[in-house]
Amino acid sequence: MQPKKILNADLHCHSVISDGTLTPEALAQRAKANGVELWALTDHDEIGGQQRAAAAAQALGLPYLTGTEISVTFAAETVHIVGLGFDPDDAALTQGLHATRNGREQRAREMAASLAQAGIAGAYEGALQFVGNPELISRTHFARFLVESGVCRETNEVFRKYLTEGKPGYVPHSWATLRDAVSWITQAQGIAVIAHPGRYHFTPNEEYALFTEFKAHGGQAVEVITGSHTKQEFVKYAETAKEFGLAASRGSDFHSPDESHTDLGSLPFLPDGLTPVWELLAGRVR
Ligand code: AMP
Ligand code: MN
Ligand code: MN
Ligand code: MN
């Protein structure tokens, strides 16, 4: 594939292997139908769906990059680092992701205990009904249970009232370090990308530290155009990408036709004057 500046790339989404509701095959079809020209499936802390996604994409003639989204703890907050174009058979990456998933089960039981204290019983079993991968029980699955059981009307309401800091169902958790996540990706020949920077609640100093340390560890890109950003944040993080000499990525963060406001392939193109992350990944496209 010839790298193009203007490309309908969608390099961030989730399947039933993490907290999405569609299979890798259904996502590939949806991406193709929506005009996506380069696709990556980026399940949380998991690469178990990569072979299926790559095979489905190939059958559709849809260029594909391997992907994942690693949970990291930085400055007492959870940050997400996307990896693209890595070798999915890399042992250290596989082991690192396994270690990062470890602990979700215990966390889920503690979340359910906290919800029970707030009068919501059976949340662990309820969330499990929505889980496609037993190693990957997430807050999204609890959110689906709280909607299905009528506690909240939709998942956004869940995250306003529950499962977030200071609210019932919130359990602090220590994820991977920034250094480890970036190293696992880059040592597997991949490119590390700061996911949706506009979503974190950092002070300007903390955000500066995140970008500086990410670069020092070998990180090379940042999501500028994502379903999580406002138009103002598109502009802000285009500037940040230039300031730190990072390439720019673009991805919907699509999870579900019923929940996600941004569909696969439906975002604005990258702004001018940025290096698209796919220019660094031309040799890695399948
Ligand atoms: P976890 O990895 O278990 O902490 O779950 C994180 C996931 O919860 C994210 O990847 C989103 O899919 C979902 N999530 C977090 N905050 C929100 C929110 N405000 N609205 C909707 N989904 C959210
Ligand atoms: Mn998610
Ligand atoms: Mn994320
Ligand atoms: Mn995501």
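The values are calculated or read from the model by the stated rules, or taken from the named source; none is laboratory data. The model shown is predicted, which means the values in this text are computed figures rather than measured ones. Note: ideal-geometry Cβ built from the backbone for every residue, glycine included; neighbour counts use all protein chains shown. What goes into the accessible areas is simple: the full protein's heavy atoms, side chains included, and nothing from ligands, DNA or RNA. Shrake-Rupley method; radii C 1.70, N 1.55, O 1.52, S 1.80 Å.
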Order of 124-137, 201-214, 39-52 by packing, highest average Cβ count within 10 Å first?
39-52, 124-137, 201-214
Across 215/236; 4/236; 167/231; 4/242; 167/215, pairs whose alpha-carbon gap is larger than 26 Å:
167/231; 167/215
Which log10 I(q)/I(0) values, to two decimals, does the range 14-83 give at q = 0.25, 0.26 Å⁻¹ under the Debye formula with one point per Cα?
-1.03, -1.09
When you take every Cα atom in the range 104-161, what is the radius of gyration, and what is Dmax, the widest Cα pair distance, in Å?
10.4, 27
Could you give the spread of the C-alpha atoms of the range 49-121 along their three principal axes, from largest to smallest, in whole angstroms?
51, 28, 20
Per residue, how much space in cubic angstrom lies within the convex hull of the C-alpha atoms of the range 22-168?
129
Which order do you get for 19, 90, 180 if you rank them by accessible area with a 1.4 Å probe, largest at the top?
180, 90, 19
Taking a quarter of the surface of the Cα convex hull of the range 161-286, what do you get in nm²?
9.5
If every Lys and Arg gets +1 and every Asp and Glu gets -1 at its Cβ, then about the Cα centre the chain yields a dipole, in debye to the nearest 20, of 240
Once you wrap a convex hull around the alpha carbon atoms of the chain, what is its projected area averaged over all directions, in nm²?
13.5
In the neighborhood of residue 59, defined by Cβ-to-Cβ distances under 13 Å, what is the net charge if each Lys or Arg adds +1 and each Asp or Glu adds -1?
+2
Solvent-accessible area of residue 236 with every protein chain in place, 1.4 Å probe, in Å² to the nearest 10:
100
As a test of the formula, what do you get for the chain when each DSSP H run with n ≥ 4 contributes -39,500 (n - 2.57) and the sum is divided by the residue count, at 222 nm and rounded to the nearest 500 deg cm²/dmol?
-11000 deg cm²/dmol
In percent, how large is the relative contact order of the range 66-213, given Cα pairs closer than 8 Å and 6 or more residues apart?
35
Percent relative contact order of the chain, based on C-alpha pairs within less than 8 angstrom and at least six residues apart?
23
